[in-house]
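Down below is the structure, laid out as structure tokens.
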Amino acid sequence: MTKKEYKELLRSDFLRYSNDDTFIGRFKAYKMKPGYAWSYWYRKLCYQNSHSWMKPLAFITRLRFHSVAVKYGIDIPSHIKQIGAGFMIDHFSCIVIHVDAVIGSGVTIRQGCVVGTNGRGVPVIEDGVDIGAGAAIIGPITVGKGARIGANAVVVHDVPAGATVVGNPGHVVSK
């Protein structure tokens, strides 16, 4: 990852939380939005891990990343397969994402969500998906681009692009 890519990822994450793109605006977002604080340390750790000469710094960053993750209850591993640009944790606490899950760009996730495995595979969350509070997305499924997962929905089947899913088990109510 180049420094330019790193800065663009940080900026795209930040713009999901605030539109005040100044130093003060970023400082306020970091202090007032736990999801942005987590994203900041995650992106920094990814950048440092992509350069072998920065590995000693990555150890210190990993400690800070871990403390932020524990403080806010965000159980997303630092070595997750992929998280796209513009990732937003809208409300923090009790968020669990499997290490092999793939998260696209512009995804919003809220408190109490689980994106995990059932032993056969992990989900792929495409771009622009909005995941409601308490939702569980489990198994080798694909959640299509722009889909909305309702609060407390349990999704165990593929979701088409642009669909809205609610219920337990999750079913499509609109496309």
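Each value in this text was obtained by applying a stated rule to the coordinates, not by laboratory testing. Only a predicted model underlies this, so the values are computations on that prediction, with no experimental measurement involved. All Cβ positions, glycine included, derive from the backbone under ideal geometry; neighbour counts span all protein chains shown.
Considering the options Pro123, Ala69, Phe27, tell which one lies farthest towards the positive end of the dipole of the chain, charges being +1 on Lys and Arg and -1 on Asp and Glu at the Cβ, about the Cα centre.
Positive-end residue among those listed: Phe27.
Can you tell which of Thr117, Thr22, Thr61 shows the greatest fluctuation in a Gaussian network model of the chain with Cα springs below 10 Å?
Between Thr117, Thr22, Thr61, it is Thr22 that shows the largest mean-square fluctuation.
Counting just the Cα atoms, what span does region 1-72 cover along each of its three principal axes? Round to the nearest Å and put the largest first.
That works out to 34, 29, 16 Å along the principal axes.
Based on alpha-carbon atoms only, what is the radius of gyration of region 123-162 relative to the globular estimate 2.2 N^0.38 Å? It would help to have the intermediate numbers written out before the result.
Working: Rg = 8.8 Å, N = 40, 2.2 N^0.38 = 8.9 Å.
The reported ratio for this selection is 0.98.
Compute the distance from the alpha-carbon center of region 8-87 to that of region 127-175, in whole Å.
About 26 Å separates the Cα centre of region 8-87 from the one of region 127-175.
Neighbour counts of other C-beta atoms within 10 Å: give me His98, His51 arranged from fewest to most. Spell out each step's value before the answer.
Working: His98 20, His51 13.
Ranking His98, His51 by Cβ neighbours within 10 Å, fewest first, gives His51, His98.
If the only charges are +1 at each Lys and Arg Cβ and -1 at each Asp and Glu Cβ, what is the size of the charge dipole of the chain around the Cα centre, to the nearest 20 debye?
My answer is approximately 600 debye.
Which of the aspartates and glutamates could a cross-linker bridge to Lys81, judged by Cα under 18 Å and excluding same-chain residues fewer than eight apart?
Partners within reach: Glu5, Asp13, Asp100, Glu126, Asp127.
What FRET efficiency do you get for Ser50 and Asn19 if R0 is 30 Å and r is their Cβ-Cβ distance, rounded to the nearest 0.05? The partial results should precede the final answer.
Numbers: r = 29 Å, r/R0 = 0.95.
The value I calculate is 0.55.
Just how large is the dipole of region 88-175 about the Cα centre, in debye to the nearest 20, putting +1 at every Lys and Arg Cβ and -1 at every Asp and Glu Cβ? List each step's numbers first, then the result.
On the way: 5 positive and 6 negative charges, 32 e Å.
In debye, rounded to 20, region 88-175 gives about 160.
Show which lysines lie in cross-link reach of Lys71 when reach means a straight Cα distance below 20 angstrom and same-chain residues fewer than eight apart are skipped.
Within the straight-line cut-off, Lys71 pairs with Lys28, Lys31, Lys33, Lys44.
Where Lys and Arg each count +1 and Asp and Glu each count -1, what net charge lies around Val159 among other residues with Cβ under 14 Å from its Cβ?
-1
Starting from region 1-81, pick out the trypsin sites (Lys or Arg not before Pro) whose DSSP state is loop and whose Cβ has at most 15 other Cβ atoms within 10 Å.
Lys81
For the chain, what is the mean residue ellipticity at 222 nm derived from helices alone (per DSSP H run of n ≥ 4: -39500 (n - 2.57); sum divided by total residues; nearest 500 deg cm²/dmol)?
-11000 deg cm²/dmol
Using every Cα-Cα pair within the chain, state what percent have a distance larger than 19 Å.
Tail fraction, whole percent: 56.
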